[in-house]
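Structure, as structure tokens:
Every read-out reported here was derived from the displayed coordinates using simple, explicitly stated rules and does not represent laboratory data. Given the structure is predicted, the values throughout are model-derived calculations rather than measurements. Neighbour counts run over all protein chains shown; Cβ positions are idealised from the backbone, glycine included.
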Amino acid sequence: MFNRFFILIFKLRGWKIVGSVPPEIKKAVVIAAPHTSNWDFVYAMAIFRLCNLNVRYLIKKELNFFPLSILLKNTGAIPVDRSKKHNLTEDVITRFKEANELFITIAAEGTRKRVEKWRSGFYHAALGADVPVLPGYLDYTRKEGGFGAPIYLTGNKAEDMAKFRAFYADKTAKYPALFNLDGIRLD
């Protein structure tokens, strides 16, 4: 039901999908960027469903309450308790190793606000699980969203992050001032 709603909004607003996930890729971390608006969720969910991707995503546990929990459960949410010290990256790596097919979407910015650098969890999870990273995107100027070519991480953070900066350089967020292209780095 929710997915149909997301798809309807996506189509009624004139959005289109660009790029696809290569069929040989069965596991990947999917980056959700730029992430500056709650509308990003609606459009991303529509893209995933229209591309027949069963994508899971991490969300703070505090949002997992009734009735919102119904939406979250039906759209693939993995609630995360950020108040406890645990190794979320190791948990994601384990999920990848135990699954035959798994796509986990992570908003590398970690918030809809402007950030000075991306969070590194997506990077370490993909590297540790030996899965590619699919740069997912929404471009509000072009009204398009989709996927770039898979990026296979090398372990050289500067080199790898330069690939992401190049990919996202021409993507326009809903609120452009909140997307910091120079923030696509790991220190």
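Within the range 1-57, track down each residue that is of a type in the set (V, I, T), closer than 16 Å to K174 by Cβ and in a helix (DSSP H, G or I).
Within the range 1-57, I9, V42, I47 meet the criteria.
Table: residues versus (1) within 16 Å of the chain's Cα centre (by Cα); (2) among the polar types (S, T, N, Q).
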position	(1), (2)
E101	no, no
R114	no, no
A129	no, no
L138	yes, no
T154	no, yes
E159	no, no
A162	no, no
Y175	no, no
D187	no, no
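Quick check on the range 130-187: of everything there that is of a type in the set (D, E) and in a helix (DSSP H, G or I), which residue is farthest from E24 (Cα to Cα)?
Here the answer is D182.
Looking at this structure, is A99 touching a residue at least 12 places away in the same chain (Cβ under 8 Å), within 24 Å of P23 (Cβ to Cβ) and surrounded by fewer than 18 Cβ atoms within 10 Å (Cβ to Cβ)?
yes
When N38 is evaluated against the numbered criteria (1) under 28 Å from D139 (Cα atoms); (2) crowded, with 16+ Cβ neighbours inside 10 Å; (3) in contact (Cβ under 8 Å) with a residue 60 or more places away in the chain, which criterion, by number, is the only one it fails?
Of the numbered conditions (1) under 28 Å from D139 (Cα atoms); (2) crowded, with 16+ Cβ neighbours inside 10 Å; (3) in contact (Cβ under 8 Å) with a residue 60 or more places away in the chain, the odd one out for N38 is (2).
Considering the range 29-51 alone, what residues qualify as being within 16 Å of L102 (Cα to Cα) and of a type in the set (D, E)?
If the condition is that a residue be within 16 Å of L102 (Cα to Cα) and of a type in the set (D, E), then no residue fits.
Which of the residues belonging to the range 106-129 are of a type in the set (G, A, S) and not in a loop (DSSP other than H, G, I, E, B)?
G121, A125, A126, G128, A129
Kindly list, by first and then second residue, each pair from a residue in the range 163-187 that is of a type in the set (K, R) to a residue that is assigned to a loop (DSSP other than H, G, I, E, B), limited to pairs with Cβ atoms under 7 Å and residues at least 6 apart or on different chains.
Listed pairs, sorted by first residue: R165/I184; K171/P34; K174/T36; K174/S37; K174/Y140; R185/K117; R185/W118.
Suppose the filter is surrounded by 12 or more Cβ atoms within 10 Å (Cβ to Cβ), under 13 Å from the mean Cα position of the chain (by Cα) and of a type in the set (A, V, I, L, M); does I31 pass it?
Yes; evaluated as a whole, the condition is true for this residue.
Tell me yes or no: at least one residue of the range 70-87 is polar (S, T, N, Q), closer than 21 Å to L127 by Cα and in a loop (DSSP other than H, G, I, E, B).
Within the range 70-87, one or more residues are polar (S, T, N, Q), closer than 21 Å to L127 by Cα and in a loop (DSSP other than H, G, I, E, B).
So is V92 out of contact with any Leu (no Cβ under 6 Å at 6 or more places or on another chain), aliphatic (A, V, I, L, M) and buried (at least 18 other Cβ atoms within 10 Å of the Cβ) or not?
When the stated conditions are applied, V92 passes them.
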